Amino acid sequence: MAPSATTGLTLRARSGVTYRFDPGALCLELLPTGGPGPYRRYEVLHEPADLAAWADRSRLTPTPALQISKAEVTNARNLRDALLRVVIAHLHGDPYPPDDLGTLNKAAARPALAPAIAPTGERQWAGTPKGTHLLATVARDAIDLLSGPFAHRIRTCAGDNCRLVYVDTSRPGRRRWCSMEHCGNLHKVRALRARQSEQE
């Protein structure tokens, strides 16, 4: 999978509270940017600057200085939507939708971001990265995840009405929540109130 950082994403709950969410893989970081059907209302990828901002928040290290076209933003939305449907099929044990699998494989077949070492010894990206290179990197990360040793650890948050998808990379493999500070904390509060009600 792609180079990773441990920062995760900052998301905002319906209540307005912000929290950290680490989906565990670059490709899964793309899913909270919107999606098909009911997820359209969460859409944030409208302009090239939006996709560049997503790359800046992602686990790619360092952030690539991208040249992104409007068409590549459309391709990013299409890839994300296809990936979401493939992941949902994976979670349900269903066959992957052929068209969506084709979208994923087509994106992965294109040239991806190429790492290089600067004269200073620091990591950088070779050439002039474009949006297509970014999407190829995301698609390859998805293929690595779905066909790799953590494929059985892809999950949705156990929180009520939370559909965030993550891969549990923890050693014990018992992660249940998108974030302990959000859904995990809400569960603890509800459990505490339920115990208090039983004692009254």
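Applying a threshold of 6 Å to beta carbon distances and a minimum spacing of six or more residues, or different chains, the list of pairs starting in the stretch 129-157 at a residue that is within 17 Å of Ala65 (Cβ to Cβ) and ending at one that is part of a strand (DSSP E or B) and not charged (D, E, K, R) reads Lys130/Gln67. Filtering the stretch 101-122 to residues that are exposed (fewer than 12 other Cβ atoms within 10 Å of the Cβ) and in contact (Cβ under 8 Å) with a residue 40 or more places away in the chain leaves only Glu122.
Of all residue pairs spaced 6 or more apart or on separate chains, those with beta-carbon atoms under 8 Å, a first member in the stretch 32-48 that is among the aromatic types (Phe, Trp, Tyr) and a second member that is in a loop (DSSP other than H, G, I, E, B) are Tyr42/Gly34; Tyr42/Gly35.
Residues in the stretch 22-52 that are loosely packed, with under 14 Cβ neighbours inside 10 Å and at pLDDT 95 or above were compared, and the one that is nearest to Pro129 (Cα to Cα) is Ala49.
The values are calculated or read from the model by the stated rules, or taken from the named source; none is laboratory data. The model shown is predicted, which means the values in this text are computed figures rather than measured ones. In this analysis, Cβ positions are derived from the backbone assuming ideal geometry, glycine residues included, and neighbour counts consider all displayed protein chains.
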